[in-house]
Amino acid sequence: MKQETALGILKTGRNVYLTGAAGSGKTHVLNQYIEYLREHRVGIGISASTGIAATHLGGMTIHSWAGIGIKDYLTEWDIDTLAQRQPLVKRFERASVLVIDEISMLRPELLDMVDAVAKALRRTTEPFGGLQVILSGDFFQLPPIVRDGSEDAFADSSKAWHEADFRTCYLTDQYRQEGGQLLDILNDIRDGEISIESQESLQSRMVRENVDASEYAGQEPVVLHTHNQNVDKRNFEELSKLKGQSTVYDMVSNGRANLVESLKKSVLAPEKLELKIGARVMFVKNNPDQEYVNGTLGEVVDLSGEHPVIKTHAGEEIVATPTAWETMDDNKVLASVAQVPLRLAWAITVHKSQGMSLDAVEVDLSRAFAPGQGYVALSRARTLEGLTLHGLNRTALEVHPYVRMRDQQLQAESQRWENIFSKFSETRIQEMQKTFISKVGRTESEASKATIIPTHIKTRYLLNEGKTLEDIIRERGMTRGTILAHLEKLKEIGEESSFAYLKPEDTFLKDTRAAFKKSGGTKLSPVYKALKGTYTYEDLRLARLFITE
C-alpha cells in the first residue's frame with residue numbers, strides 16, 4: 001500500500017494497524033496524521049511500547065499514558081483506583097485518537113489492559129472506549145520479552161485487537177535501502193528461506209581475520225552490539241585514545257520530574273555529552289534545515305565555539321546546536337529536555353539503532369539471542385556494501401514461524417482494504433473524512449474550555465505582551481530553537497504580526513536576504529556556508545521569517 005492511501009484511510013477515523021518492512025515510512029505517515037489531527041484540534045494520545053520509540057513521536061510510553069505502569073494485570077480495584085485519578089480521567093476524555101507505536105514489543109495482556117482502562121474511564125463498552133486507535137509496527141522486529149516463544153506473545157492475539165476491527169495498512173515502498181542484494185536478503189528473512197544468493201551475499205560481507213573493518217567497508221562503520229556493556233566499553237576506550245581536552249555539554253530539562261527522567265533515559269543523546277576533537281559522533285535527530293538525519297555520521301572538528309562543529313562523511317560541516325525533545329499530551333508540553341543532538345558513535349546497541357539509517361554498519365551477530373535482532377541490525381544499513389559482519393549465528397536470521405505466517409495474512413488484509421478503499425469516489429472519501437473530523441474535532445471555544453492550548457499559542461501570549469526572545473526562552477524553559485519553531489508555526493497560520501517587533505536589524509537582513517536569494521531556496525545550510533559562519537543557524541532561522549514569503 002502507498003503511504004498516501006494509508007493516510008487517507010487513517011483520516012476516515014477507522015482503527016488501523018500500520019505496518020510494513022523497516023524503512024517503509026511508518027513513522028513518516030504517523031507524523032503526517034498527527035499534524036493533520038492537530039490542525040483540526042483533535043485530542044491525541046501519542047505513545048509507544050518503549051521510551052526510545054516514544055521520543056521519535058514526542059509522546060510517552062503507553063504504560064505511562066494509560067496509567068498502567070509496570071503491572072502485569074489489572075484487578076477491578078485497580079481500575080476503580082485509576083478512575084479516581086482526575087488528571088488521568090481528563091486525559092482519556094480529551095483524547096479522540098490513540099497512537100501506539102512499536103506494537104511488536106507490546107505484550108497482548110497490556111493491550112487488553114489499555115482497552116479495559118479506556119472503557120472504564122470513558123464510561124462506554126465500545127472497543128478502547130470509542131477512541132480511534134492507530135497501532136504501528138512490524139512483527140519481524142524485536143518481539144516482547146516473554147517467558148516462552150508462543151504465538152500468544154504477540155499483541156494481535158489479544159481480545160482487544162480482535163474486538164477493535166483494525167484495518168491493516170501494509171506499506172510496501174522502500175525508502176531506506178537502495179534496492180539490490182541487501183533488500184533481497186531482508187525479504188528472504190521475512191519469507192523464512194534464505195536463498196543461496198543471499199547466503200553468498202552475507203558471506204561476502206564477513207570480514208577476514210586481521211583486516212580493518214573500515215578498509216573493508218570503505219569508511220569507518222558504526223559498530224552494533226547486542227549488549228549495552230560492549231557499547232559503553234568500546235566508546236569509552238576510543239574516546240580515551242584521543243589527545244586533547246574534553247568538552248562536556250550538559251542536558252537542560254524542564255517539566256514534571258518523573259517525565260523528565262523518563263525522557264533522559266529514552267532520548268539517544270546522553271545527559272552529559274563528552275567530546276574531543278576527532279571523536280566519532282552520530283546525529284540522533286532529524287533536522288532538514290541543517291541537512292542531517294537520525295543516523296548521520298561525522299567527526300568533531302572544532303570545539304572552540306559555543307557549539308561543536310561536525311564534519312560529516314559527505315564533507316559538510318555542521319554546527320550542532322542544541323535541540324529539544326518533548327513529551328506532549330494532546331498538544332500540551334508536559335516535559336522537555338534539550339541537548340546537542342549527538343552521541344559517540346564508535347558503537348551502539350541493536351535495540352537503540354531502531355529507526356536509524358546508516359551508511360556503514362559493522363555488527364557481530366554471533367551472540368544474537370532473540371528473533372528479530374538480526375533483521376533489525378541488517379536493515380539499518382542502506383546497502384550491502386555498507387555492511388560488515390564479524391559473525392552470524394542461526395538465531396540472527398530466524399523469525400518466529402507465527403510471524404511469517406501472520407505476515408502473509410496481513411498483506412492479504414491490506415490488499416483487501418486497499419481494494420475496498422479504491423472503489424470509493426474522491427467525493428465519498430472526503431465526506432467520510434469530514435464526518436470523522438466534525439465528530440471529534442473541537443472548535444476554538446471547546447479547545448479553550450478543555451484548557452488544551454497548543455504550545456506555539458502559549459508562546460504567542462508572551463509575544464502579545466511584548467516579551468523579548470530571551471525572556472520567552474527563559475519563561476517557557478525551552479531552547480531558542482524550539483521557540484523559533486513556534487514562530488515558524490505562527491507564520492504558517494498567518495499570525496506573523498504577533499512577532500513583527502522581533503525583526504532584526506536591516507544590515508543583518510540585507511546580508512541574509514542576498515544569501516537566500518543566491519541559494520535559490522529556503523534551506524539554511526547553503527546560506528550558512530555562503531556567509532562563512534558569520535551568523536548561527538538560529539540567527540538565520542529568525543531572519544528567514546522576515547525575508548521569505
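The values are calculated or read from the model by the stated rules, or taken from the named source; none is laboratory data. The shown structure was predicted, so the numbers you read here are calculated from the model rather than taken from an experiment. Backbone-built Cβ (ideal geometry, glycine too); neighbour counts: all protein chains shown. Quick note on the areas: whole protein, heavy atoms, side chains included, nothing else; ligands and nucleic acids left out. Shrake-Rupley method; radii C 1.70, N 1.55, O 1.52, S 1.80 Å.
Within region 337-359, which residues are at pLDDT below 85 and closer than 30 Å to GLU306 by Cβ?
Residues of region 337-359 that are at pLDDT below 85, as a first pass: 349-359.
Once the filter is applied, which keeps residues that are at pLDDT below 85 and closer than 30 Å to GLU306 by Cβ, region 337-359 yields LYS352, SER353, GLY355, MET356, SER357, LEU358, ASP359.
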Any residue in region 18-41 that is under 24 Å from GLN411 (Cα atoms) sitting within a Cβ distance under 6 Å of a residue that is assigned to a loop (DSSP other than H, G, I, E, B) and charged (D, E, K, R)? List the pairs, counting only those 6 or more apart or interchain. THR19/ASP138; GLY23/ARG176
Taking region 291-315 as the region of interest, how many residues are out of contact with any helix residue (DSSP H, G or I) (no Cβ under 6 Å at 6 or more places or on another chain), under 29 Å from HIS28 (Cβ atoms) and not in a strand (DSSP E or B)? 9
Going by what's in this entry, would ASP165 be described as modelled with pLDDT of 90 or more, open to solvent by 40 Å² or more (accessible area, probe 1.4 Å) and not in a loop (DSSP other than H, G, I, E, B)? no
Yes or no: region 239-251 includes at least one residue that is part of a helix (DSSP H, G or I), open to solvent by 30 Å² or more (accessible area, probe 1.4 Å), modelled with pLDDT of 85 or more and among the acidic types (Asp, Glu). no
Flagged in region 340-395 as in a loop (DSSP other than H, G, I, E, B) and hydroxyl-bearing (Ser, Thr, Tyr), in numbering order, are SER357, SER366, SER379, THR383
Which one of these is surrounded by 15 or more Cβ atoms within 10 Å (Cβ to Cβ) and under 11 Å from THR459 (Cα atoms): THR482, THR512? THR482
Run down SER96, SER136 and say which single residue is touching a residue at least 12 places away in the same chain (Cβ under 8 Å), hydroxyl-bearing (Ser, Thr, Tyr) and closer than 15 Å to PHE166 by Cα. SER136
Any chance you could count how many residues in region 90-100 are open to solvent by 10 Å² or more (accessible area, probe 1.4 Å) and not polar (S, T, N, Q)? 4
If you take the residues in region 298-351 that are charged (D, E, K, R) and open to solvent by less than 20 Å² (accessible area, probe 1.4 Å), which one is farthest from ARG41 (Cα to Cα)? ASP329
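Quick check on region 42-79: of everything there that is of a type outside the set (Ser, Thr, Tyr) and without any contact (Cβ under 8 Å) to a residue 40 or more places away in the chain, which residue is surrounded by the fewest Cβ atoms within 10 Å (Cβ to Cβ)?
Step one: of region 42-79, the residues of a type outside the set (Ser, Thr, Tyr) are 42-46, 48, 51-54, 56-60, 62-63, 65-72, 74, 76-79.
From what is left, the residues that are without any contact (Cβ under 8 Å) to a residue 40 or more places away in the chain are 69-70, 72, 76-78.
Values: GLY69: 9, ILE70: 5, ASP72: 9, GLU76: 9, TRP77: 8, ASP78: 17.
Filtering region 42-79 for residues that are of a type outside the set (Ser, Thr, Tyr) and without any contact (Cβ under 8 Å) to a residue 40 or more places away in the chain, the one surrounded by the fewest Cβ atoms within 10 Å (Cβ to Cβ) comes out as ILE70.
Quick one: in region 438-455, which of the residues that are open to solvent by less than 60 Å² (accessible area, probe 1.4 Å) and either farther than 22 Å from LYS90 by Cβ or among the small types (Gly, Ala, Ser) (or both) is modelled with the highest pLDDT?
To start, the set of residues in region 438-455 that are open to solvent by less than 60 Å² (accessible area, probe 1.4 Å) comprises 440-442, 447, 450, 452-455.
Now narrow it down to the ones that are either farther than 22 Å from LYS90 by Cβ or among the small types (Gly, Ala, Ser) (or both): 441, 447, 450.
Working: GLY441: 81, ALA447: 47, ALA450: 46.
Ranking the qualifying residues of region 438-455, first place goes to GLY441.
State which residue is surrounded by the fewest Cβ atoms within 10 Å (Cβ to Cβ) when the search covers only region 114-133 and only residues that are among the aliphatic types (A, V, I, L, M) and more than 13 Å from TRP161 (Cβ to Cβ). Walk me through it before giving the result.
Kept after step one, since they are among the aliphatic types (A, V, I, L, M), are these residues of region 114-133: 114, 116-118, 120-121, 131, 133.
Going one step further and asking which of them are more than 13 Å from TRP161 (Cβ to Cβ), we end up with 116-118, 120-121, 131.
On the way: ALA116: 22, VAL117: 23, ALA118: 23, ALA120: 19, LEU121: 21, LEU131: 25.
This residue is ALA120.
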For GLY45, are the conditions met, namely being part of a strand (DSSP E or B) and either touching a Pro at 6+ places or on another chain (Cβ under 6 Å) or small (Gly, Ala, Ser) (or both)? yes
Can we say ARG38 is within 22 Å of the chain's Cα centre (by Cα) and open to solvent by 10 Å² or more (accessible area, probe 1.4 Å)? yes
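Do you know which residues across region 369-385 are under 16 Å from ALA347 (Cβ atoms) and either small (Gly, Ala, Ser) or at pLDDT 80 or above (or both)?
Result: VAL376, ALA377, ARG380, ALA381.
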